[in-house]
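S.K.: Before anything else, here's the structure in question.
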Amino acid sequence: MGVLSRVAKKLLGRAPAPVAFKAKGAGCGIAAGNDFVFPERITLGDHVHIEGNGYFNGQGGLTIHDHVIFAPGVAVMTSMHRYKGASMVPYDEVDLLRPVTIERFVWVGMRAMILPGVTLREGTIVGAGAVVTKSHPAGAILGGNPAVQIGTRDMDAYREMVAQGRHYLSLKQSQGLRKREVLDAR
């Protein structure tokens with residue numbers, strides 16, 4: 001039981017209720033401390049991994065496909081306040097909904113933010129702290145605020161690994177794959 005669950009149990013006399021997603025695939029791993037807003041509008045594919053302290057707003061619809069990994073502290077927004085044409089300042093009572101789609105084998109780095117209306121295409125890597133404001137091509141490596149494409153994944157090698165079933169989360173769960181440390185001498 002995580003720290004937040006223990007605190008909730010102590011304060012409330014019970015652990016927090018499990019999150020009820022629209023759909024949740026097999027082999028998903030979700031760490032404690034995440035905030036899921038409108039979870040009934042969030043769909044998780046198979047082998048989705050979400051580290052802790054994230055914020056996932058499903059109000060506008062959030063679809064996360066298979067084999068997606070989120071590092072700690074990621075925020076995904078699917079709605080925003082209306083300020084253009086608003087009847088009040090700084091914004092009015094209208095929530096503008098823009099669905100977010102995260103395609104398979106995407107890796108989102110620590111404290112990255114995905115804004116409403118974005119599609120992260122297959123094989124995309126989002127660097128730590130990036131703020132993704134628009135969609136990019138498959139295999140894009142994104143970084144910065146606002147995020148720009150700073151590289152491209154080797155898509156031939158990527159497709160070969162996918163075809164061979166070399167999927168990190170699946171192998172970790174089915175074969176007990178363990179991490180290795182290698183000094184990067186760049």
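The values are calculated or read from the model by the stated rules, or taken from the named source; none is laboratory data. All of these numbers come straight from a predicted model, not from anything done at the bench. Virtual Cβ from ideal backbone geometry, glycine too; neighbours counted across all protein chains shown. For accessibility, only protein heavy atoms count, side chains too; no ligands or nucleic acids. Shrake-Rupley method; radii C 1.70, N 1.55, O 1.52, S 1.80 Å.
S.K.: Pick from Gly151, Gly139: which is open to solvent by less than 50 Å² (accessible area, probe 1.4 Å) and in contact with a Lys or Arg (Cβ under 6 Å, 6 or more places away or on another chain)?
M.R.: Gly139
S.K.: Just to verify a result, which residue in region 152-175, among those that are among the small types (Gly, Ala, Ser) and under 22 Å from Gly45 (Cβ atoms), is nearest to the chain's Cα centre (by Cα)?
M.R.: The qualifying residue nearest to the chain's Cα centre (by Cα) is Ser170.
S.K.: Could you list all residues from region 19-74 that are of a type in the set (Phe, Trp, Tyr) and either crowded, with 19+ Cβ neighbours inside 10 Å or in a strand (DSSP E or B) (or both)?
M.R.: Selection gives Phe21, Phe36, Tyr55, Phe56, Phe70.
S.K.: Does region 80-107 hold any residues that are farther than 22 Å from Ile141 by Cβ and buried (at least 18 other Cβ atoms within 10 Å of the Cβ), and which are they?
M.R.: The answer is Met80, and nothing else.
S.K.: Sticking with this one: For region 107-120, indicate whether the set of residues that are closer than 17 Å to Ile69 by Cβ, of a type in the set (Phe, Trp, Tyr) and in contact with a Gly (Cβ under 6 Å, 6 or more places away or on another chain) is non-empty.
M.R.: no
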